[in-house]
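Right, one structure below, let's go through it.
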Amino acid sequence: MLKGLRKFFFRMVAGANIATIVIMFLIGQAGHLSPIEHPMLTNAGLVYPVFLLINLAFMIFWLIFYWKGVFIPIVGYLLCYSSLRVYLPLNLSSAPPDDAIKVMSYNVCRFAQGTIRDDGTNPIIEYIKQCEAGIVCLQEASSDLISQKKIRDELSAVYQYCDTAVRRYSGNTIAVYSKYPIVGKESIPFDSKWNISAAFKLLIDNDTVIVINNHLETNKLLSEEQERFKHMIRNREKKEVVSTSRLLIDRLAEAAVTRQPEALAVAEYIRMHDGVPMIVLGDFNDNPLSYSRRVIVDGLTDCFVATGCGPGWTYNKSGMYVRIDNIFCSRDWEPYKCQIDRKIIDSDHYPIVCWLKKRAKH
């Protein structure tokens, strides 16, 4: 009798484990769904880590109570390898070559809302001056409290070259500060009053390199709604969980629909300039398994997936920890040591940095 019950129990657990793997696999493919056609499902990648942890819990259970069952979660991770690799890359760090270029992307949140320290400096401007990057791409790079001239003057001691692109209606600004000449700029057109992408042409070792700086559609959550989410995570009251979850799903779905044509416009620009050395980076405002990331990275190398380690959270506000900032490169570059710098906390984003070495031409 007890033996039969034990066998039945393990079968039930095995069934639940298999169901978890199936859901995890399907979530890993969410980026192939069009947000316009499937707005509610396209953000499923945000719950991917939940199922990674559930499968890990099953693995621990099997190791303790029935070791042969451990092959179920192991096979599950193998089946989900492609999405697991994107969401949680595990790479050994290697020192970049001396001639590699350090590249940084950073949403500066209007230079920490124009924060000025007691000594008269802005923490983000000081950080950029000391980061030793060859190319710095910024999003939300305007400030009501700090003039653009002051920002440029402060950074000109380190970066000889600078150019910006500004969304006319909102004033939202993206900027490139570079130690290499900026010889051209081209807007990537899409319909938006706030979001913006632009291609900056840099002259590096006598080659023209296209650097595409992006700030795509945000998640549309107001600050008070983000606080509701944070409060929900802390308290887990059933009524609050239900109402806040519905709000979150609606907002994220709305943002994904808006973001789709933006991502497609960037992807089309990349396709039209295939064969030109290229670096694509910025604030995508979307998770690693998203439609936006998938269509833009197609044909490029995701530097964090190739050389980073861990989940690589770049957004750090209101309990929403996710990698939404990216650095991609064309096959002309060999990426090294892509990482998130968590030493500076003045923006709601962390900077993402990577070293790129130009491959020899064949």
Show the residue pairs that are 6+ apart or on different chains and have beta-carbon atoms under 7 Å apart, the first residue being within segment 253-266 and more than 17 Å from Pro288 (Cβ to Cβ), the second being acidic (Asp, Glu) and in a helix (DSSP H, G or I). none
Evaluate segment 269-285: report whether one residue or more is closer than 21 Å to Cys338 by Cα and in a helix (DSSP H, G or I). no
Please work out if Tyr81 is touching a residue at least 40 places away in the same chain (Cβ under 8 Å) and either more than 25 Å from Gly45 (Cα to Cα) or not basic (Lys, Arg) (or both). no
Identify, please: which residue in segment 63-91 is among the aromatic types (Phe, Trp, Tyr) and open to solvent by less than 100 Å² (accessible area, probe 1.4 Å) and is, among those, farthest from Thr307 (Cα to Cα)? Tyr66
Sort out which residues of segment 253-291 are surrounded by fewer than 23 Cβ atoms within 10 Å (Cβ to Cβ) and among the aromatic types (Phe, Trp, Tyr), and write them in order of number. Tyr269
Got at least one residue in segment 292-315 being touching a His at 6+ places or on another chain (Cβ under 9 Å) and open to solvent by less than 40 Å² (accessible area, probe 1.4 Å)? yes
Condition set out of contact with any Lys or Arg (no Cβ under 8 Å at 6 or more places or on another chain) and hydroxyl-bearing (Ser, Thr, Tyr), scope segment 128-165, selection farthest from Pro96 (Cα to Cα): answer is Ser147
Conditions (1) more than 30 Å from Leu26 (Cα to Cα); (2) open to solvent by 10 Å² or more (accessible area, probe 1.4 Å); number of the one not met by Cys354: (2)
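Here is a yes/no grid of residues against (1) in contact with a helix residue (DSSP H, G or I) (Cβ under 7 Å, 6 or more places away or on another chain); (2) at pLDDT below 95:
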| site | (1), (2) |
| --- | --- |
| Met1 | no, yes |
| Lys7 | no, yes |
| Asn17 | yes, no |
| Ile27 | yes, no |
| Leu41 | yes, yes |
| Ala44 | yes, yes |
| Tyr48 | yes, no |
| Phe58 | yes, no |
| Ile64 | no, no |
Under the condition of being under 17 Å from Tyr106 (Cα atoms) and in contact with a Phe, Trp or Tyr (Cβ under 7 Å, 6 or more places away or on another chain), which residue from segment 328-346 is most open to solvent (accessible area, probe 1.4 Å)? Arg342
Cβ-Cβ below 7 Å, separation at least six or inter-chain, first residue in segment 124-150 and under 18 Å from Lys179 (Cβ atoms) and assigned to a loop (DSSP other than H, G, I, E, B), second open to solvent by 10 Å² or more (accessible area, probe 1.4 Å) and modelled with pLDDT of 95 or more: which pairs? Glu132/Lys102; Ala133/Lys102; Gly134/Ile101; Gly134/Lys102; Gly134/Lys179; Gly134/Tyr180; Ala141/Thr164
Filter result for the condition that a residue is aliphatic (A, V, I, L, M), touching a Phe, Trp or Tyr at 6+ places or on another chain (Cβ under 6 Å) and at pLDDT 95 or above, over Val103, Val136: Val136
Can you confirm whether segment 312-320 contains a residue that is among the hydroxyl-bearing types (Ser, Thr, Tyr) and in a helix (DSSP H, G or I)? no
Of the residues that sit in segment 171-208 and are under 22 Å from Ile125 (Cβ atoms) and small (Gly, Ala, Ser), which one is surrounded by the fewest Cβ atoms within 10 Å (Cβ to Cβ)? Gly171
So, of the residues in segment 288-311 that are more than 12 Å from the chain's Cα centre (by Cα) and assigned to a strand (DSSP E or B), which turns out to be farthest from Ile352 (Cα to Cα)? Thr301
Can you find a residue that is assigned to a strand (DSSP E or B) and within 23 Å of Arg342 (Cβ to Cβ) anywhere in segment 167-174? yes
Has segment 92-105 got any residue that is within 30 Å of Phe51 (Cα to Cα) and open to solvent by 30 Å² or more (accessible area, probe 1.4 Å)? yes
By residue number, the members of segment 156-166 that are outside any strand (DSSP E or B) and either among the small types (Gly, Ala, Ser) or surrounded by fewer than 18 Cβ atoms within 10 Å (Cβ to Cβ) (or both) are Ser156, Ala157, Val158, Gln160
The correct count of residues that are in contact with a Pro (Cβ under 9 Å, 6 or more places away or on another chain) and part of a loop (DSSP other than H, G, I, E, B) in segment 78-88 is 1
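The values are calculated or read from the model by the stated rules, or taken from the named source; none is laboratory data. Bear in mind the structure is a predicted one, so any value in this text is a computation, not a measurement. Methodologically, a virtual Cβ is constructed for each residue, glycine included, from the backbone with ideal geometry; neighbour enumeration extends over all protein chains shown. When the accessible area is computed, the model is the full protein with side chains, heavy atoms only, and any ligands, DNA or RNA have been set aside. Shrake-Rupley method; radii C 1.70, N 1.55, O 1.52, S 1.80 Å.
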